[in-house]
Amino acid sequence: MVTDVSISDVAKKAGVSTSTVSRVINGHPRVAAETAMAVRQAMGELGYVPSENRPGPKPANRAAAAKLTVAFITFGSSNRGDTPGFEQLIRGVSEAVNKNSLTLAIFHHQDPARLPDRLTDTPVHGLLLHGAVPSPDVQAKLAKIPAVWLMTNRKRPTWGDQVMPNHYEIGKLAAEYLQNRGHKHLAFLNMDASHWAFQLYYHAFAAAAEQLDISVARVDETGGENVDHWFKYAPETVERLVERYLSMNPRPTGLMVADDMQTALVQPVLQRKGVKIGPGKVEIISVNNELPYLIGLRPWPTVVDIRASVIGARGLSQLRWRMENPDVPDHIVMLVQPHLVESGALQ
C-alpha cells in the first residue's frame, strides 16, 4: 500500500487546496461535483488512501463502521483459478478494511446469473465487485447497494463506481521504455483478443509509438478457455502466435506482451525457436508484475506494475465514501497510475 503520498500531493495534482481535498474525503456536501471528481481521480492515480487517524471532522456514521459489512464478490469464480494479481488485490482490500474497521465477507461465485446463496443471509452495506458482469436480474438487485468495481472487466459494467489501472499509461510506459532501449520496430503480442483491457493496452501502445515515429505490429490470437473467470491459454495458441511473429519482415525487436501469464508461455517458445532475448537483442516488456509467473524466466522481462494492491485499497476507500454519500449521482471511474519495474530490479 502506498504510504508516502500526502494530502498535499493530492491537492497539487487536482489543482485545489488541501482543505478542499479534506472536504471531499470527509464527504462534505458543499463541494462541486466536478471538483470532487477531480480530487478522487487524483487520489486514485496517486494511490492515496486517507488515514483514519487524520485530523479534521469525520462523517457522522464512521463511529459505527465496525457494524458495517462489505461483500467482495468475484463473479465467474470458485476460487480454483485465482491469479497472483488477484491475491494482491485482496491484500489491498483487506488492509483497507482493517484500517476502516469494517467487516469483510468474500464470495467466489461461478454463476453470474444468480446471487450467491449466502449473500441473502448476510446484511451487506457495500459491494466490491470483480470478474464477470452479472445478469440484468442480478444487477437490478445489486444496484440498490453502494458498489465499486475493481480492476478491468472483459465487458464494462453499467452501474457502480470503478477503480482500475490506467490503460493509457500502461501502453505509453511500454512504448517509451522500448524506444529508449533503441528499438525501431515494435509488436504487441496477445492471446486473448476479446479482452477489453488488452485492446486498450494495444491502442495506447500504438498511439504512443506513433508519436515517437515507431512502427507497431499487432499480433492477436484467441484460443483457450475461461477457467474461473481467468483465461487458460491453449499450447497451440502460443505456437501460432510465435510463428506469426517469426514470419514478420522486418521482425520487431521490442515486444509488449499483454500480461505476465502470457509472457511466461511466450518467452520460452521464442527462445526454443532460436530468438535471443536480452539487451541489444529482442526485449520483452510485460504487464501486471505477477512474479510467480515470471520467476522461471531468464532473463526476466521488464514489467509494468499495475499496482493491484493499491487498486484494492483505493476501491475500498471509494466504497466507504459511496456508502456515506449514496445520493451523489456521479458514477466515478478512478485510474491508478502504473509503475515501471526494470528487469534488473526483479533479480
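From its DSSP helices (H runs of at least four residues, each -39,500 (n - 2.57)), the chain gives a residue-normalised ellipticity at 222 nm of -11500 deg cm²/dmol. Here each label is just a point 7 Å from Cα along the line to Cβ, and for residue 143 and residue 6 those points are 4.4 nm apart.
If I take every Cα pair under 8 Å that is 6 or more residues apart in the chain, average their sequence separation and divide by the length, what percent do I get for the relative contact order?
22 percent
Compute the angle between helix 167-180 and the longest alpha-carbon principal axis of the chain, please, reported from 0 to 90 degrees and rounded to the nearest 10. So the inclination is approximately 40 degrees. The modelled label-to-label distance between residue 158 and residue 111, using points 7 Å beyond Cα along the C-beta direction, is 2.2 nm.
When you restrict to C-alpha pairs under 8 Å that are six or more residues apart and normalise by the size of the range 180-244, the relative contact order lands at 37 percent.
Between residue 244 and residue 67, full extension at 0.36 nm per residue minus the direct alpha carbon distance yields a gain of 58.1 nm. Per-residue 3J(HN,Hα) values for the range 290-302, derived from phi via the Karplus relation 6.51 cos²θ - 1.76 cosθ + 1.60 with θ = phi - 60°, read 9, 4, x, 6, 8, 4, x, 7, 9, x, 6, x, 6 Hz in sequence order (x marks Gly and Pro).
Full extension of the segment from residue 193 to residue 78, taken as 0.36 nm per residue of separation minus the current Cα-Cα distance, would add 39.0 nm.
Computed from Cα atoms, the angle from the helix 308-324 axis to the main principal axis of the chain rounds to 30 degrees.
Which net charge results when you count Lys and Arg as +1 and Asp and Glu as -1 among the other residues whose beta-carbon is under 12 Å from that of residue 341?
-3
Normalising the average separation of contacting C-alpha pairs (under 8 angstrom, six or more residues apart) by the number of residues puts the relative contact order of the range 167-305 at 25 percent. Within the shell defined by Cβ-Cβ distances under 13 Å, the residues around residue 247 carry a net charge of +2, with Lys and Arg each +1 and Asp and Glu each -1.
Legend: residue pairs 67/144; 155/184; 99/155; 12/67; 155/281, Cα-Cα distance threshold 25 Å; pairs beyond threshold, 155/184; 99/155; 12/67; 155/281. For the range 167-305, what does the alpha-carbon gyration tensor say about shape, rounded, prolate or oblate, given a ≥ b ≥ c as the root eigenvalues, a/c under 1.5 as rounded, and a/b over b/c as prolate? Judged from the Cα gyration tensor, the range 167-305 comes out rounded (a/c under 1.5). With the simple model of a label 7 Å out from the Cα in the direction of the Cβ, residue 180 to residue 330 spans 3.2 nm. Between residue 32 and residue 19, what is 0.36 nm times their sequence separation minus the Cα-Cα distance? Round to one decimal in nm. Result: 3.3 nm gained on full extension. Rounded to the nearest 0.05, the FRET efficiency derived from the C-beta distance between residue 203 and residue 103 at R0 = 35 Å is 0.30. In a reduced charge model with +1 at each Lys and Arg Cβ and -1 at each Asp and Glu Cβ, the range 167-305 shows a dipole moment near 680 debye about its Cα centre. Matching the structure-derived mean projected area of the Cα convex hull in nm² against the labelled list [x] 16.9; [y] 17.7; [z] 27.0 gives the label [y]. Other residues within the sphere of radius under 9 Å centred on the Cβ of residue 42, judged by their own Cβ, net out at +1 (K and R +1, D and E -1). Between residue 215 and residue 298, the FRET efficiency estimated from the beta carbon spacing at R0 = 35 angstrom works out to 0.75.
Could you please rank 273, 144, 172, placing first whichever residue has the fewest other Cβ atoms within 10 Å of its Cβ?
144, 273, 172
If you take the square roots of the eigenvalues of the alpha-carbon gyration tensor of the range 150-210 and sort them as a ≥ b ≥ c, do you get rounded (a/c under 1.5), prolate (a/b over b/c) or oblate? Taking the square roots of the gyration eigenvalues as a ≥ b ≥ c, the range 150-210 is prolate.
Classify the range 256-347: rounded, prolate or oblate, from the alpha-carbon gyration tensor (a ≥ b ≥ c, eigenvalue square roots; a/c under 1.5 rounded; otherwise prolate if a/b is larger than b/c)? Prolate, since a/c reaches 1.5 and a/b exceeds b/c.
Laboratory data are not the source of any read-out in this text; all were calculated from the coordinates shown. All of these numbers come straight from a predicted model, not from anything done at the bench. As a convention, Cβ positions derive from the backbone with ideal geometry for all residues, glycine included, and neighbour counts pool all protein chains shown.
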